[in-house]
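Novice: The structure under discussion is supplied below as structure tokens; questions concerning it will follow.
Since every read-out is calculated from the coordinates, none of them should be taken as a lab result. Keep in mind that this is a model prediction, so the values were computed, not measured. Glycine gets a Cβ as well: all are built from the backbone with ideal geometry, and neighbour counts include every protein chain shown.
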Amino acid sequence: MTLRTTLTQGISRSLSDLQRWPILGYWLRWRHARTSAQVVLLMLALLLLYDGFFGPPLAPKNYAGVLPWVHWRGLVVLALLFAGNLFCFACPFLLPRRLAQRLFQPRRAWPRWLLPGKWLALLLLVLFFWAYEAFDLWASPLLTAWVIIAYFVAAFLIDGFFRGAAFCKHVCPIGQFNFLGSLASPTVVSVRDPTVCTRCTTKDCIRGRFAATGQLIQRGCELGLFQPRKVGNLDCTFCLDCVHACPVNNVTVQLRVPVLAEIDPTANRSGIGRLSTRPDWMLLVLGLTALGFLNAFGMVSPIYRLLQWLSQTLHITNEAVLLAFLFATGIGMLGVAAVLAGVVTSLLADARPLWWGFQRFVYSLAPLGFGMWTAHYLFHFLTGALTIVPLTQSFILDTLGYPLLGWPAWQLASLLTIDKVNDLVLLVLALGFFGSTLWALVLARQLHLQFKAILPWLVLLVGLFLFGVWLLSQPMEMRGTLLG
Ligand code: SF4
Ligand code: SF4
């Protein structure tokens, strides 16, 4: 190997290893990096609770009506796209749960009757997005504050009762969204040198590190991801416990090409197994993709005409029931389409059982589903981000009684003109479509399939993409701003 090759490899290794970056690397190596980020978000959560319970009831004039629904959601998808799972890393709900673990020292495993895996989280996701539309959560700071309280209480109780990170792994709907979104992330927590792990006798990255007295001094991976066999980002909260636990500093945060490492559903993933044998993960991808389109559909005017028509046809006037019907139908339709695509793929590939095609290709929906979520959330973020300025001016005015930061400039809302926002969100959706198409093509190549075998999936992806383009070209409600 020439000196030049050695130098090039060394430089590229240093660049891709975020812990070797100046400042950022130092912070990531700091044992309290996560806690410091969590404390910042905890402060914000407390501010939301205060304003949600005691502030103005009009959503655009209340932190609880704006920060979670405009800023937080926009920043979550931006972070997933450009950095990684930063919001699981900085999750404030886990601070009280740490207290619960200390107080109760739970030893019980998550029981079978509580649906291990992603079933419960999927159910909660569907319930949450149905409730979001049915009870207009985005328009009620008070309800938003109660949702935040429910989150804190649930994380405290569940992790006070069950060992490990039961709340993150089996329950948290936001976490599941982040796990799937992080398929598109440019970073991953992984080992620097796999050969070092083959010589390792302690496996502290998963067991945790103990003092001579037997006391735990650093947690290992509570999500059950064993670093040398970890594949990609699924189920990884970016907590960095494994980074701090590894005694030879062999775990780091690395840059990577998004999506590519995640495509093979038959890869044996530590803590997860083979995705092709996990119906809960399959339905999670399917459900989140359908919900991405349904949630955006809830913001455009055709939904009101559809609900009116449904109401007259079914003779049901209760909007919550109609929305439940709409959600069930939407998810069911995508489910039937994906199962049919899978069956046709199995037949064309001469593979059995007929379930085979669905088990392998359903995951290719993930980038397009995430593209739809991102397009939708970015729309609200880009059209409402500046609301933070008058909101803060108004908060200070109400709290202090005089306009320390000036009188609220309520005309401030958009970061970009609406035309630019519309172009940008279409581009994001197109990127998701590109990611899904690439996924299906690469997987077909890995499985040595002919092009015709994946045609049903390409047709499904094109259909969803066109539906998304239609959705994004409809005037969308400007929720979270006084223009809405
Ligand atoms: S990551 Fe560290 S602790 Fe885990 S197996 Fe490798 S060397 Fe051992
Ligand atoms: S692998 Fe486990 S311990 Fe490491 S960052 Fe991910 S969730 Fe945390």
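Novice: If amide H atoms are built 1.01 Å from N in the plane of the peptide, which residues on other chains or at least 5 residues away come under 5 Å of the amide H of Thr187?
Specialist: For Thr187, the qualifying residues are Arg256.
Novice: Using 0.36 nm times the number of residues separating Arg199 and Val153, minus their current alpha carbon distance, what extension gain do you get?
Specialist: 12.3 nm
Novice: When only alpha-carbon atoms count, how far does region 335-398 stretch along each of its three principal axes, as whole angstroms with the largest first?
Specialist: Cα extents, longest axis first: 69, 17, 15 Å.
Novice: Also, I was wondering about something else. What list of ³J(HN,Hα) couplings, whole Hz, do you get for region 46-62 from phi and the Karplus terms 6.51, -1.76, 1.60, once you set θ to phi - 60° and write x for glycine and proline?
Specialist: For region 46-62, the Karplus curve yields 5, 4, 4, 5, 4, 5, x, 7, 10, x, x, x, 6, 3, x, 9, 10 Hz.
Novice: By counting other Cβ atoms within 10 Å of each Cβ, how are His71, His170, His32 ranked from fewest to most?
Specialist: Starting with the residue having the fewest Cβ neighbours, the order is His32, His71, His170.
Novice: Set the Förster radius R0 to 51 Å, insert the Cβ-Cβ distance between Asn249 and Ala409 as r into 1/(1 + (r/R0)^6), and round the FRET efficiency to 0.05.
Specialist: 0.55
Novice: Let me ask you something else. Using the Karplus curve 6.51 cos²θ - 1.76 cosθ + 1.60 with θ = phi - 60°, what ³J(HN,Hα) values do you get for each residue of region 378-387, in whole Hz, with x for Gly and Pro?
Specialist: Running phi through 6.51 cos²θ - 1.76 cosθ + 1.60 with θ = phi - 60° gives 5, 4, 5, 5, 6, 8, x, 4, 6, 4 Hz.
Novice: Taking the alpha-carbon centroid of each part, what is the distance from region 419-445 to region 392-409 in angstrom?
Specialist: Value for the Cα centre distance between the two parts: 43 Å.
Novice: Please order Val442, Val344, Val257 by the number of other Cβ within 10 Å, starting at the fewest.
Specialist: Lowest to highest Cβ neighbour count: Val257, Val442, Val344.
Novice: Ok, one more. Which value in nm describes the separation of the simple spin-label points at Arg108 and Gln215, placed 7 Å from the Cα toward the beta carbon?
Specialist: 2.8
Novice: Calculate, in whole percent, how much of the Cα-Cα pair population of region 310-418 lies beyond 19 Å.
Specialist: In whole percent, the share of Cα-Cα pairs in region 310-418 beyond 19 Å is 70.
Novice: Sorted from largest down, what three extents in whole angstroms do the Cα atoms of the chain have along their principal axes?
Specialist: 65, 63, 54
Novice: Under 10 °C and 1.306 mPa s, how fast does region 181-304 diffuse according to Stokes-Einstein, given a Kirkwood radius computed over C-alpha pairs? Answer in µm²/s, whole number.
Specialist: It diffuses with D of about 97 µm²/s by this estimate.
Novice: Here is a further query. Using only the Cα atoms of region 186-237, what semi-axes does the equivalent ellipsoid have when each is the square root of 5 times a gyration tensor eigenvalue? Give whole Å, largest first.
Specialist: On the way: eigenvalues 92, 43, 12 Å².
Working from the Cα gyration tensor, I get semi-axes of 21, 15, 8 Å.
Novice: A further question follows. Taking the simple approach of a point 7 Å from Cα along Cα-to-Cβ for both Leu115 and Phe82, what is their distance in nm?
Specialist: In this crude spin-label approximation the distance works out to 3.6 nm.
Novice: Enumerate the amide H contacts of Phe210 below 5 Å, restricted to partners 5 or more residues apart or on another chain; note that Pro and chain-start residues carry no placed amide H.
Specialist: When sequence neighbours closer than 5 places are left aside, the close amide H contacts are Ile217.
Novice: Could you please state, rounded to a whole Å, how far the C-alpha centre of region 309-383 is from the C-alpha centre of region 12-76?
Specialist: When both Cα centres are located, 31 Å separates them.
Novice: Which ³J(HN,Hα) values, rounded to whole Hz and listed in residue order, are derived for region 252-258 from phi using the Karplus coefficients 6.51, -1.76 and 1.60 in 6.51 cos²θ - 1.76 cosθ + 1.60 with θ = phi - 60°, glycine and proline given as x?
Specialist: Per-residue couplings from phi come out as 8, 9, 10, 6, 8, 7, x Hz.
Novice: How many angstrom lie between the C-alpha centres of region 130-203 and region 263-306?
Specialist: Distance between centres, Cα-based: 16 Å.
Novice: Using +1 on the beta carbon of Lys and Arg, -1 on that of Asp and Glu, and nothing else charged, what's the dipole of region 259-383 about the Cα centre, debye to 20?
Specialist: 120
Novice: Given Cα positions, please report Rg to Rh for region 272-484, the hydrodynamic radius being the Kirkwood one.
Specialist: 1.10
Novice: Amide H to amide H, which residues 5 or more places from Val251 or on other chains are under 5 Å from it, using H placed in the peptide plane?
Specialist: Counting only residues 5 or more places away or on other chains, the set is Arg192.
Novice: With 10 angstrom as the radius, rank Val189, Val259 by how many other C-beta atoms surround their C-beta, starting from the fewest.
Specialist: Values: Val189 26, Val259 20.
If I rank by nearby Cβ atoms, fewest first, I get Val259, Val189.
Novice: Can you figure out the FRET efficiency of His315 with Phe54, using R₀ = 41 Å and their beta-carbon distance, to the nearest 0.05?
Specialist: According to the calculation, E is roughly 0.45.
Novice: So which aspartates and glutamates pass the test for Lys118, namely a Cα distance under 17 Å, with those fewer than 8 places away in the same chain ruled out?
Specialist: In chain and number order, the partners are Asp159, Glu222, Asp235, Asp280.
Novice: Follow-up. Loop by DSSP (not H, G, I, E, B), at most 12 other beta-carbon atoms within 10 Å: where is the longest site-free stretch of the chain for trypsin sites (Lys or Arg not before Pro)? Intermediate values should be presented prior to the final figure.
Specialist: Working: sites that count: Arg31, Arg107, Arg199.
After excluding every exposed loop site, the longest remaining stretch is 200-484.
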